[in-house]
Amino acid sequence: MTISTHVLDAARGRPFAGIAVSLQRRDGTEVATAETDADGRIAGWGDGLAAGVYRLVFDTSQAAPFFPEVVLTFDYADPAQHYHVPLLLSPFAYSTYRGS
């Protein structure tokens, strides 16, 4: 299955397009990079990845300068499942959850 993400502007209720995101192994080895599309999404990562701990590194320097980078670390325990890891971003706060 795959890993996907999206970035939402929580202050305005809109997606954030053009956010650079890196998918990395826990040791920092980069697996893939992409930018969020017009709907704030990146999909289709992870096909063929082994189970393990991964992280998404978001370059949020233009969107929320107080947080120039957001790193979300998660356990990709079952590659047979889809993992959706969204980021809700505002100027002075962010949150995440396991989506569907």
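The values are calculated or read from the model by the stated rules, or taken from the named source; none is laboratory data. Model, not experiment: these values are computed from the prediction. Positions of Cβ are backbone-derived with ideal geometry, glycine not excepted, and every protein chain shown enters the neighbour counts. What goes into the accessible areas is simple: the full protein's heavy atoms, side chains included, and nothing from ligands, DNA or RNA. Shrake-Rupley method; radii C 1.70, N 1.55, O 1.52, S 1.80 Å.
Residues Pro65, Pro79: which one is of a type outside the set (Gly, Ala, Ser), open to solvent by 80 Å² or more (accessible area, probe 1.4 Å) and either part of a loop (DSSP other than H, G, I, E, B) or within 11 Å of Ile19 (Cβ to Cβ) (or both)?
Checking each option against the conditions leaves just Pro65.
Can you tell which of Leu23, Leu89, Leu56, Leu72 is farther than 17 Å from Ile3 by Cβ and part of a strand (DSSP E or B)?
The conditions single out Leu89.
Would you confirm whether any residue within the stretch 38-47 is charged (D, E, K, R), out of contact with any His (no Cβ under 9 Å at 6 or more places or on another chain) and in a strand (DSSP E or B)?
no
Cβ-Cβ under 7 Å, sequence separation 6+ or interchain: first residue in the stretch 85-100 and under 15 Å from Ala63 (Cα atoms), partner assigned to a loop (DSSP other than H, G, I, E, B) and open to solvent by less than 50 Å² (accessible area, probe 1.4 Å). Which pairs?
Leu89/Phe16; Leu89/Thr60; Leu89/Ala63; Leu89/Ala64; Ser90/Ala64; Pro91/Ala64; Tyr94/Phe67
Only residues that are open to solvent by 30 Å² or more (accessible area, probe 1.4 Å) and not in a strand (DSSP E or B): list them for the stretch 1-20, please.
Those that are open to solvent by 30 Å² or more (accessible area, probe 1.4 Å) and not in a strand (DSSP E or B): Met1, Thr2, Ala10, Ala11, Arg12, Gly13, Phe16, Ala17, Gly18.
How many residues does the stretch 1-35 contain that are of a type in the set (Ser, Thr, Tyr) and either touching a Phe, Trp or Tyr at 6+ places or on another chain (Cβ under 6 Å) or touching a residue at least 60 places away in the same chain (Cβ under 8 Å) (or both)?
3
Say we look at the stretch 26-37 and pick out the residues that are open to solvent by less than 40 Å² (accessible area, probe 1.4 Å) and in a strand (DSSP E or B); which of these is farthest from Pro91 (Cα to Cα)?
Ala32
Taking only the stretch 38-48 into account, find how many residues are open to solvent by 30 Å² or more (accessible area, probe 1.4 Å), of a type in the set (Gly, Ala, Ser) and modelled with pLDDT under 95.
Matching residues across the stretch 38-48 total 3.
Which members of the stretch 82-100 meet the condition of being open to solvent by 40 Å² or more (accessible area, probe 1.4 Å) and of a type in the set (Val, Ile, Thr)?
Once the filter is applied, which keeps residues that are open to solvent by 40 Å² or more (accessible area, probe 1.4 Å) and of a type in the set (Val, Ile, Thr), the stretch 82-100 yields only Thr96.
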